[in-house]
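One structure follows; several queries about it will come next.
The numbers here are math on the coordinates, done by the rules we state, and not lab data. Keep in mind the model is a prediction, meaning the values are calculated, not measured. Cβ: placed from backbone, ideal geometry, glycine included. Neighbour counts: every protein chain shown.
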Amino acid sequence: MKLAAVISAAVLGFALSALLGIKLVPWLHKLKFGQTILDIGPNWHKQKQGTPTMGGFMFIIGTTAAFLVVVLVAKAFGYDLVGGESLVAGAEKAKIYGGLIMALCFGLIGFADDYIKVRKEQNEGLTVIQKTLLQLLLCAAYIATLILSGNVYMYIPFAGTWDYGNTFVFCIFTFIVMYATVNAVNFTDGIDGLCASVTTTSAVSFAVMAAFVHCLGGTILASALAGACAGYLIWNWHPAKCFMGDTGSMFLGGMVVALAYAINCPLILLLAGFIYVVEGASDVTRSSTSRSRERSRSGPTPLPPANVSSRWLRSITTSRRAAGPKRRSTMFLQPSTCSAASLPASSSTSGCRCPSDQRLTI
């Protein structure tokens, strides 16, 4: 029954997510819910302009429906898959159901952000302050759920269970983990198929780890997520027919947090979510560097997104090579008789009236 439930959740999640795209993608096109692309990137990036966003609804519905169907069908046959084997079934159910609800609420925040972008036809939705406040409120609600259900301890691999000591330390630590993880997953959504494929492998690893610690509810939820993300990849693989938007990426961030706390091991996110960690650190570093450069110069110098900069630079290098070797020329600046004149480097400059300090060789 256990193995059948896990496999059924994965297969059902895949089927629902993949089939939903048949109706959802044309519907989003009809509503003109297209992505607005910033002008700071290369020209080829503008080709994604108008691609439907909010495609994350595919795996949101697929994950939630697959999990609930498997659990309810098993319940009808007398099996309690969530907390059935646990001595503290209430604590297990609080982690699983509370985590799923938390992820759905993060998806709602992302939906509000996407909806504002689409309606205003711009790439800015909720402000940073608005999004941060909503995320912190949701983090507080989930932390309160964990505290009330008695889930205030952490399992450290090869070391055993560790007590936080007091509730304040637990709250601060969980706030940092939740906020950092959700936004790191959001940053990862930048290339066709990247975030969904990374989350698929991450969900599979969580399913295996949950099975080892006898958390059947976590295994089923992770399997449903892995299947739904794999089904979504049919529509998001390059060239993407739709984007998940913040609706999908923030839901995935919430799910990753929920699965980590379902097995009481948030530190495992450093391994299971290694790509998220790298992407988050890269984005923070790039933003800090950009701001320092803007402060040191008279005007801002926008940087291309990390996921497009390398291809952009390669295209520039290729075009320069195709143009052939660059000719050297000398520019003479004359404040009175001319503004600029260009002569070949091999030309004689003896008759030029420009001072030597106004001569620039390129």
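Count charges around residue 120 for me, please; just the other residues with Cβ under 12 Å from its Cβ, Lys/Arg as +1, Asp/Glu as -1.
Numbers: positive: 117, 119; negative: 113, 114, 121, 124.
Result for the local shell: -2.
Counting other Cβ atoms within 10 Å, keep those with at most 13, restrict to DSSP loop, and tell me which chymotrypsin sites (Phe, Trp or Tyr not before Pro) in the range 106-183 are left.
In loop regions of the range 106-183 (DSSP not H, G, I, E or B), the sparsely surrounded chymotrypsin sites (Phe, Trp or Tyr not before Pro) are 158.
Considering the dipole of the range 2-295 built from charges on the beta carbon (Lys and Arg +1, Asp and Glu -1) around the Cα centre, which of 149, 83, 122 is farthest to its positive end?
Highest projection toward the positive end goes to 122.
Here is a further query. Ranked by Cβ crowding within 10 angstrom, fewest neighbours first, how are 286, 119 ordered?
Ordered by Cβ neighbours within 10 Å, fewest first: 119, 286.
Can you compute 3J(HN,Hα) from phi for each residue in the range 98-108, using the Karplus curve 6.51 cos²θ - 1.76 cosθ + 1.60 with θ = phi - 60°, rounded to whole Hz and x for Gly and Pro?
In residue order, the calculated couplings are x, x, 5, 5, 4, 5, 5, 5, 4, x, 5 Hz.
Give me 238, 29, 214 sorted ascending by neighbouring Cβ count inside 10 Å, so fewest comes first.
Taking fewest neighbouring Cβ atoms as first place, the list is 238, 214, 29.
Residue 276: net charge of surrounding residues, Cβ under 12 Å, Lys/Arg +1, Asp/Glu -1, itself excluded? Could you put the intermediate results ahead of the total?
Numbers: positive: none; negative: 189, 279, 283.
Its environment carries a net charge of -3.
Follow-up question, since we're still on this one. Can you check what the net charge comes to around residue 186, using other residues whose Cβ is under 11 Å from the Cβ of residue 186 (Lys, Arg +1; Asp, Glu -1)? Walk me through the numbers on the way to the answer.
On the way: positive: 131; negative: 113, 189, 246, 279, 283.
So the surrounding residues net to -4.
Which GluC sites (Glu not before Pro) from the range 66-155 combine a DSSP loop assignment with at most 15 other Cβ atoms within 10 Å?
Answer by residue number: 85, 121, 124.
I would also like to ask the following. What distance in nm lies between label points placed 7 Å from Cα along the C-beta direction at residue 201 and residue 127?
Modelled inter-label distance: 3.9 nm.
Next question. Give the relative contact order (percent, whole number) for the range 133-255; include only Cα pairs under 8 Å separated by 6+ residues.
This gives 25 percent for the range 133-255.
Further, regarding this structure: Over the range 2-295, what is the relative contact order in whole percent, taking alpha-carbon pairs under 8 Å and six or more residues apart?
RCO, the range 2-295: 32 percent.
What is the distance, in nm, between label points placed 7 Å from the Cα along the Cα-to-Cβ direction at residue 23 and at residue 79?
For the pair residue 23/residue 79, the computed spacing is 2.9 nm.
Right, next: Using 0.36 nm times the number of residues separating residue 163 and residue 136, minus their current alpha carbon distance, what extension gain do you get?
Gain on stretching residue 163 to residue 136: 7.4 nm.
5 Å is the cut-off here: which amide hydrogens, built 1.01 Å from N in the peptide plane, fall below it relative to residue 155, excluding neighbours closer than 5 in sequence?
It is 162, 265, by chain and number.
Pairs 2/93; 30/120; 131/241; 23/131; 75/95: which are spaced more than 20 Å apart, C-alpha to C-alpha? Mind showing how you got there, number by number?
Working: 2/93 17 Å; 30/120 17 Å; 131/241 27 Å; 23/131 30 Å; 75/95 18 Å.
As for pairs spanning more than 20 Å Cα to Cα, those are 131/241; 23/131.
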